[in-house]
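Structure first, commentary second.
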Amino acid sequence: MAIDLLRYLFGAVLLILFQFFLIQEINFGTWLKPMPYVLFVFLLPFTYNRYLILLTAFFSGLFLDALNNSGGLHAAACSTLAFTRIIVDTKILDTDAIQLQGFRYLTPVYKNFRFYALYLFFLTFLHHWIYFTLDFSSIYSFFPVLLVSIVSSVGSFLLILLYKIIAGIR
């Protein structure tokens, strides 16, 4: 388990560095700010302790905050994403059935692609909404936050799907 955790942490660091050095340097416009680094939270296995998942998400977000000098925005959004993922996994998914099929995390093969896409998009939208709500930090900016969250979630979702296609859906 320790070697698997190191492998996931290494993957998280690679995704964060990809986010920091490549994605943030590309000007997608005012409304599109994709954050595909959230993929690492989805790739953490069901068998991991929930506190380990929360700590991994928090420190990964804190690492990106240290690179961006963003004051804890990514850490708060990643912690909320991990917490919500744990709740959704225990309430909606049958993790034992997924593990019996040989999967360590949710894949499109489990139910169907539409279920996987809704799961991924909803949690990605939640992450982005928390991040941009804290970033804009104004009660009067509800609709701009909502618009940026939706557009950025679509962009992140498409980048995550592109990664899954390139890496091979397992």
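The values are calculated or read from the model by the stated rules, or taken from the named source; none is laboratory data. Owing to the predicted nature of the structure, the values given are computational and were not obtained by experimental measurement. Virtual Cβ from ideal backbone geometry, glycine too; neighbours counted across all protein chains shown.
Taken across region 50-63, residues that are surrounded by 13 or more Cβ atoms within 10 Å (Cβ to Cβ), of a type in the set (A, V, I, L, M), free of Cβ contacts under 8 Å to residues at least 40 places away in the same chain and within 21 Å of L161 (Cα to Cα) do occur, with at least one present. If you check L147, L158, L123 for being at pLDDT 90 or above, over 18 Å from the mean Cα position of the chain (by Cα) and assigned to a helix (DSSP H, G or I), only one passes: L147. Applying the criterion of being assigned to a helix (DSSP H, G or I) and either modelled with pLDDT under 80 or in contact with a strand residue (DSSP E or B) (Cβ under 9 Å, 6 or more places away or on another chain) (or both) to the residues of region 20-58, the residue that is farthest from Y131 (Cα to Cα) is E25. Contact annotation: residue pairs with Cβ atoms under 8 Å, 6 or more positions apart or on different chains, pairing a residue in region 121-142 that is closer than 25 Å to L161 by Cβ with a partner that is in a helix (DSSP H, G or I) and aromatic (F, W, Y), are F121/F157; L123/F42; T124/F157.
For region 71-100, the candidate set comprises residues that are in contact (Cβ under 8 Å) with a residue 40 or more places away in the chain and of a type in the set (S, T, Y); within that set, the residue that is farthest from F115 (Cα to Cα) is T80.
Per the listing L106, L81, L93, L67, the residue uniquely buried (at least 16 other Cβ atoms within 10 Å of the Cβ), in a helix (DSSP H, G or I) and not basic (K, R) is L81.
Considered as a group, the residues in region 1-42 that are surrounded by fewer than 14 Cβ atoms within 10 Å (Cβ to Cβ) and among the aliphatic types (A, V, I, L, M) include one that is nearest to the chain's Cα centre (by Cα), and that residue is L14. Are any of the residues in region 110-117 within 30 Å of D96 (Cα to Cα), basic (K, R) and loosely packed, with under 13 Cβ neighbours inside 10 Å? Yes, there is a match, as at least one residue in region 110-117 is within 30 Å of D96 (Cα to Cα), basic (K, R) and loosely packed, with under 13 Cβ neighbours inside 10 Å.
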